[in-house]
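The values are calculated or read from the model by the stated rules, or taken from the named source; none is laboratory data. Computed from a predicted model, the values in this text were never measured in an experiment. Here Cβ is always computed from backbone atoms with ideal geometry, including for glycine, and neighbour counts include all displayed protein chains. Only protein heavy atoms, including side chains, enter the accessible area calculation; ligands, DNA and RNA are left aside. Shrake-Rupley method; radii C 1.70, N 1.55, O 1.52, S 1.80 Å.
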Protein chains: 2
Amino acid sequence: MNSKPDAIVAQSGGPTAVINSSACGVIQEAMKSDKIGRVIGATNGILGILGEDLFDISAEKPETIEQLKQTPAAAIGSCRYKLKSLEDSKADFDRILDVFNAHNIRYFFYAGGNDSMDTADKVNKLAADAGYELVCMGIPKTVDNDLAFTDHCPGYPSVAKYVATCAMEAGRDTETLYTADTCTILEVMGRNAGWIAAATGLAARCPEDAPHLVYMPEAAFSFDKLINDVNKVLKKLGRVFIVAGEGLKNEKGEYITADKGAFSRDSFGHVQLGGVGAMLKAVIEKEVKIKARFNLLGTNQRSAMHFASLTDINEAYMCGQMAVKNALEGVNGKMVTLVREQGPQYKCTTGLAELRDVANGEKKVPREFINDKGNHITDAMRDYVRPLVQGEAPITIDEDGLPVFMRFERKPLEKKLPKYL
Amino acid sequence: MNSKPDAIVAQSGGPTAVINSSACGVIQEAMKSDKIGRVIGATNGILGILGEDLFDISAEKPETIEQLKQTPAAAIGSCRYKLKSLEDSKADFDRILDVFNAHNIRYFFYAGGNDSMDTADKVNKLAADAGYELVCMGIPKTVDNDLAFTDHCPGYPSVAKYVATCAMEAGRDTETLYTADTCTILEVMGRNAGWIAAATGLAARCPEDAPHLVYMPEAAFSFDKLINDVNKVLKKLGRVFIVAGEGLKNEKGEYITADKGAFSRDSFGHVQLGGVGAMLKAVIEKEVKIKARFNLLGTNQRSAMHFASLTDINEAYMCGQMAVKNALEGVNGKMVTLVREQGPQYKCTTGLAELRDVANGEKKVPREFINDKGNHITDAMRDYVRPLVQGEAPITIDEDGLPVFMRFERKPLEKKLPKYL
């Protein structure tokens with residue numbers, strides 16, 4: 001047993017290309033400190049804490065930890081386990097503190113979206129009420145880019161760079177084979193916010209360039225408008241490339257895919273979407289009478305390490321690092337934010353926001369980032385996203401010509417408590 | 001008017017990441033020769049020839065021509081226009097010779113698959129019968145890798161590298177979020193041949209690695225087998241990552257998607273598929289009772305310049321170059337082939353095959369490249385594909401953080417014939 005308190009690091013929700021960079025920042029910074037004993041990983045996020053499935057990250061090889069920066073998805077493990085209110089999930093919250101106490105964990109670094117910040121905030125309050133000394137720090141993570149109080153979220157710049165490039169590339173495919181494949185629809189992620197769809201707009205630098213139409217959930221969608229938009233582009237170019245966010249909604253605010261019964265809810269209560277691309281294809285083929293196809297990048301967009309944004313990797317690392325630095329300076333109950341400094345040159349520093357404020361907030365694409373017709377972006381959006389997608393991820397290629405990704409050895413911590421999950 | 005005969009270069013069928021490298025090889029080599037006048041581009045392949053929509057590629061800026069190597073899809077323009085037999089498409093074939101004659105075109109360089117080689121062969125025969133001096137050379141091009149008489153086809157190595165990387169990346173996503181998203185299906189292209197699906201098998205270096213199951217059209221598929229396979233992987237790993245070729249067939253040789261009526265035919269008479277991913281997802285969710293999702297890379301896989309294989313780019317260029325060199329040496333009616341030299345070190349040179357032989361051939365994934373269970377690849381396939389995916393495409397990034405692609409200025413040739421199309 002070591003006498004210094006341990007720190008735990010956990011990842012939550014949908015993975016990104018850079019959530020491991022944030023973990024790397026936490027781990028490397030915590031291992032430098034003489035106030036922190038070991039850095040403990042929670043296998044599969046909150047599930048790992050509840051199940052006491054923990055492993056000693058400090059015991060991993062330094063080069064494995066360094067390779068986190070080049071490895072997509074959540075190397076420690078993630079989950080979508082939803083904690084409700086302190087009353088409704090009392091047993092879970094108590095268990096978390098019991099596990100922390102059993103392993104002398106006094107620092108909790110949690111990378112995730114607003115549901116995770118909510119969990120971290122509640123754990124923090126419960127610890128305070130129980131007189132258990134604990135520092136809870138949040139690290140922003142979501143490809144959806146919808147967290148409030150931060151200029152942008154680590155994970156978003158990489159998906160933005162990748163989907164914009166995919167729109168360019170598949171756009172060239174349509175441009176050169178439009179006599180056969182006249183319309184292509186690229187369906188991208190974004191449940192409630194259209195940030196990912198909006199990023200693809202950066203690829204359109206002249207009228208010929210894809211995407212010609214970009215639909216985001218923030219602008220009410222109608223099939224009549226779609227058909228009209230498509231016909232206009234066709235008349236001009238003889239082809240059309242469309243980007244559609246998965247969560248397109250009609251004027252009543254209902255998901256356009258809702259009437260198909262083609263959705264279900266995940267364990268966070270979020271509506272799981274899919275099908276916008278297929279739906280648009282069917283409508284366009286029927287109403288406009290042209291051949292249409294759709295590409296559904298799915299989880300490939302959020303894990304595309306091979307073309308991640310270097311800016312994103314560095315900022316994600318900085319968020320992890322600053323979570324530890326702040327924690328060691330006595331800050332508690334905050335999420336690290338990214339702050340875009342004023343000035344002509346892009347410069348990003350970090351700030352802090354209350355976990356509870358982040359938990360309750362949501363940031364959509366502002367109206368001034370979307371054009372009047374609701375079918376593309378404005379220069380304001382271009383100016384917002386351009387600095388984020390600068391730089392390419394350094395990747396190591398092995399003898400198979402493929403990227404090298406790390407895996408932890410996962411030396412498990414001995415369980416000290418009765419089985420829970 | 002210049003007195004030297006002109007050469008025409010045309011692209012056909014589905015684009016690839018490197019069909020423009022082949023065009024670059026043709027153009028740069030032809031422009032070096034004092035036997036060839038201008039290099040003429042046929043806008044949208046055979047449609048451009050029939051419609052006399054031609055432009056002077058020799059008049060383009062040298063840097064634009066050089067940038068072809070970094071630009072995906074068919075920059076000259078492609079189509080899926082199908083020429084039938086000499087009898088059934090006599091007017092079209094006659095028109096092609098009329099257009100060649102009107103512009104003093106004596107070299108025809110045609111990049112495409114077996115349908116295109118068939119067209120080139122027929123044009124060649126017709127010219128010979130008519131006493132019109134013409135050299136017709138084919139350049140192999142297909143992501144499907146299904147042309148006979150060539151070790152592999154330019155375009156395939158790049159899609160192989162990209163989809164294998166996508167399987168690794170989305171595989172890590174599933175590996176780290178399997179408690180929520182337990183099964184992921186990656187649907188890839190490959191109408192009749194499973195080469196693209198097979199390439200993803202290279203990513204699986206240990207039992208943990210995705211893909212765990214690889215289904216190719218060459219091995220009869222059954223849903224009973226699928227469910228059995230999935231359950232076995234689940235028992236071992238708690239998750240499963242599946243790659244499925246779009247053209248999976250049952251034991252009777254029928255497309256598994258056929259009974260849904262979800263397919264149509266393109267103008268070449270090929271069945272246009274899609275829906276294998278969605279179908280497997282539905283069956284797995286219903287029968288295995290786990291959450292499944294599918295990614296459909298679609299045209300993004302064949303246009304993924306940003307992670308193309310450098311080997312592929314270089315070999316594609318060599319094919320274009322060798323088509324011209326051979327033509328200038330008096331070779332006619334052949335397609336350039338890629339020849340893998342014997343020996344421990346990969347070395348690729350070019351050979352020649354009769355256009356008519358290529359037109360009638362088809363190369364599927366051999367049985368010894370597929371494992372006994374028909375659900376993954378063997379080391380023989382790994383050894384085949386590994387050398388092809390070596391090296392990464394050099395890409396130029398602009399101030400928006402996105403790749404730079406070229407477009408031709410397209411100085412049109414004056415039309416000399418009556419309108420045809």
Checklist entry - Quick one: is B:Thr311 within 14 Å of another protein chain (Cβ to nearest Cβ), touching a residue at least 24 places away in the same chain (Cβ under 8 Å) and either over 20 Å from B:Ser33 (Cα atoms) or under 19 Å from the mean Cα position of the chain (by Cα) (or both)? => result yes
Next on the checklist: B:Lys161 - would you say it is open to solvent by 10 Å² or more (accessible area, probe 1.4 Å), within 14 Å of chain A (Cβ to nearest Cβ) and within 23 Å of the chain's Cα centre (by Cα)?
Outcome noted: no
Checklist outcome for this item: Of the candidates B:Ala180, B:Ala170, B:Ala198, the one satisfying the condition of being small (Gly, Ala, Ser), modelled with pLDDT under 95 and more than 13 Å from the chain's Cα centre (by Cα) is B:Ala180
Checklist entry - If you go through the range B:166-218 one residue at a time, how many are touching a residue at least 40 places away in the same chain (Cβ under 8 Å), in a loop (DSSP other than H, G, I, E, B), open to solvent by less than 10 Å² (accessible area, probe 1.4 Å) and more than 22 Å from B:Thr378 (Cβ to Cβ)? => result 1
Item to check | Complete set of residues in the range B:394-421 that are touching a strand residue (DSSP E or B) at 6+ places or on another chain (Cβ under 9 Å), within 11 Å of chain A (Cβ to nearest Cβ), part of a loop (DSSP other than H, G, I, E, B) and among the aliphatic types (A, V, I, L, M) | outcome: B:Ile395, B:Val404
Item to check | Output for the range B:378-387, where each listed residue is surrounded by fewer than 13 Cβ atoms within 10 Å (Cβ to Cβ) and under 16 Å from B:Cys206 (Cβ atoms) | outcome: B:Asp379
Checklist entry - B:Ala160 versus (1) outside any loop (DSSP other than H, G, I, E, B); (2) in contact with a strand residue (DSSP E or B) (Cβ under 6 Å, 6 or more places away or on another chain): which is the lone unmet condition? => result (2)
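I'd like the residue in the range B:359-377 that is assigned to a loop (DSSP other than H, G, I, E, B) and either modelled with pLDDT under 95 or within 14 Å of chain A (Cβ to nearest Cβ) (or both) and, out of all such residues, is surrounded by the fewest Cβ atoms within 10 Å (Cβ to Cβ).
Per the stated criteria, the residue is B:Glu362.
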Checklist outcome for this item: Considering residues that are within 10 Å of chain B (Cβ to nearest Cβ), out of contact with any Leu (no Cβ under 9 Å at 6 or more places or on another chain) and either under 30 Å from B:Cys183 (Cα atoms) or part of a loop (DSSP other than H, G, I, E, B) (or both), the number found within the range A:276-293 is 3
Item to check | Residues of the range A:378-389 classified as farther than 14 Å from A:His306 by Cα and either touching a residue at least 12 places away in the same chain (Cβ under 8 Å) or at the interface with chain B (Cβ under 8 Å from one of its Cβ atoms) (or both), total | outcome: 8
Next on the checklist: Residue under question is A:Ala42, and the condition is that it be in contact with a Pro (Cβ under 8 Å, 6 or more places away or on another chain) and of a type in the set (A, V, I, L, M, F, W, C); does it hold?
Outcome noted: no
Checklist entry - Given the structure, is B:Arg356 touching a residue at least 24 places away in the same chain (Cβ under 8 Å), open to solvent by 40 Å² or more (accessible area, probe 1.4 Å) and outside any helix (DSSP H, G or I)? => result no
Next on the checklist: Can you tell me how many residues within the range B:294-313 are part of a helix (DSSP H, G or I) and more than 13 Å from A:Gln301 (Cα to Cα)?
Outcome noted: 9
Checklist entry - In the range B:14-44, how many residues are closer than 25 Å to B:Lys415 by Cα, touching a residue at least 40 places away in the same chain (Cβ under 8 Å) and within 14 Å of chain A (Cβ to nearest Cβ)? => result 3
Item to check | Residues (open to solvent by 40 Å² or more (accessible area, probe 1.4 Å) and either hydroxyl-bearing (Ser, Thr, Tyr) or more than 14 Å from every other protein chain (Cβ to nearest Cβ) (or both)) located in the range A:70-112 | outcome: A:Tyr81, A:Lys84, A:Leu86, A:Glu87, A:Asp88, A:Lys90, A:Ala91, A:Asp94, A:Asp98, A:Asn101, A:Asn104, A:Arg106
Next on the checklist: Please go through the range B:14-58 and give me each residue that is open to solvent by less than 10 Å² (accessible area, probe 1.4 Å) and on the phi > 0 side of the Ramachandran plot, ordered by number.
Outcome noted: B:Gly45, B:Glu52
Next on the checklist: Going by what's in this entry, would A:Lys125 be described as charged (D, E, K, R) and over 18 Å from the mean Cα position of the chain (by Cα)?
Outcome noted: yes
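Would you mind stating whether A:Asp115 is open to solvent by 20 Å² or more (accessible area, probe 1.4 Å), in contact with a Phe, Trp or Tyr (Cβ under 6 Å, 6 or more places away or on another chain), more than 20 Å from A:Arg38 (Cα to Cα) and in contact (Cβ under 8 Å) with a residue 24 or more places away in the chain?
The answer is yes for A:Asp115.
What about A:Asp6, is it within 26 Å of A:Asp98 (Cβ to Cβ) and either over 24 Å from the mean Cα position of the chain (by Cα) or among the acidic types (Asp, Glu) (or both)?
yes
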